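Report on the following structure.
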């Protein structure tokens, strides 16, 4: 019987003790599972790192994208598999991977014998006022404007829990109108022989991701291969709704005024005139002055529902 560590985040919007008991019981039908409730993000990483050193077969993150992000950090480059039990607000990674968005359904899929894939990550290194950082992103990464919107959304956890995608959308519009519409570039971005200046940078290395529920969000009309990188040169309040429609549609932001999209990027660098906020998978990583982001293919083993036939 395979061994598994179930790392749960009780603060997740969809979490409850009865649900946790049902999930643990379902997993225990086929797995030798040990449930733990970490006291912090750092504790979650510590528990996961110990599971790797103890040769545990799978570490299962139960919660939203935040707990997935933290559990995944020690798993990159190892033989230990990441399992996904979604019960957060957006559950972006679960939607991308085809994992059932109901926690009990995801647990049944894991217990039934999942398929294991080798998934890509984005490796992020940076330096800032509080020292260096080394982190892996599972689906999204942003510097500047994008991270400021995430910070504003996270500042009101009750609205995030109750309104979900609506909260993210209204927060984005509000931040642009209040704080960003008159801002000029302070981020210098480079990728090979390409360079640009802007107030925000976003990277996409999966086909789509979204903070707005089930609607896909695309930076470019073409899928990332391996990455699409968006430079936000300016962001005017009067264009906000149109930009949201373009991003959530099939065309992306390739031709939108004030935006530049680079395709076919493997690595890019960002230098900030002053420390700029950064986010990965919706988790705030602090402010950085110099950042390098590198695509890493097949770096993380993830369990997904087995394909029929």
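The values are calculated or read from the model by the stated rules, or taken from the named source; none is laboratory data. Please read these numbers as outputs of a predicted model, since none were measured by experiment. FYI the Cβ positions are ideal-geometry reconstructions off the backbone, even for glycines, and counts take in every protein chain you see.
Can you work out which of the residues in the range 220-239 that are closer than 15 Å to residue 297 by Cβ and assigned to a loop (DSSP other than H, G, I, E, B) is modelled with the lowest pLDDT?
223
State which residue pairs qualify: first residue at positive phi and surrounded by fewer than 22 Cβ atoms within 10 Å (Cβ to Cβ) and inside the range 90-116, second residue modelled with pLDDT of 95 or more and assigned to a helix (DSSP H, G or I) in any location, beta carbons under 8 Å apart, and separation of 6 or more residues or different chains.
Going by the 8 Å Cβ cut-off, there are no qualifying pairs.
Would you say residue 268 is modelled with pLDDT of 95 or more, in the same structural domain as residue 135 (by TED's automatic domain parsing) and either buried (at least 22 other Cβ atoms within 10 Å of the Cβ) or on the phi < 0 side of the Ramachandran plot (or both)?
Yes, satisfied.
For the range 52-71, enumerate the residues that are in contact with a helix residue (DSSP H, G or I) (Cβ under 8 Å, 6 or more places away or on another chain) and part of a helix (DSSP H, G or I).
52, 65, 66, 67, 68, 70, 71 - these are the residues of the range 52-71 that are in contact with a helix residue (DSSP H, G or I) (Cβ under 8 Å, 6 or more places away or on another chain) and part of a helix (DSSP H, G or I).
The conditions are (1) within 25 Å of residue 279 (Cβ to Cβ); (2) out of contact with any helix residue (DSSP H, G or I) (no Cβ under 7 Å at 6 or more places or on another chain); (3) not in a loop (DSSP other than H, G, I, E, B), and residue 74 fails exactly one of them. Which is it?
Only one criterion in (1) within 25 Å of residue 279 (Cβ to Cβ); (2) out of contact with any helix residue (DSSP H, G or I) (no Cβ under 7 Å at 6 or more places or on another chain); (3) not in a loop (DSSP other than H, G, I, E, B) is unmet by residue 74, namely (2).
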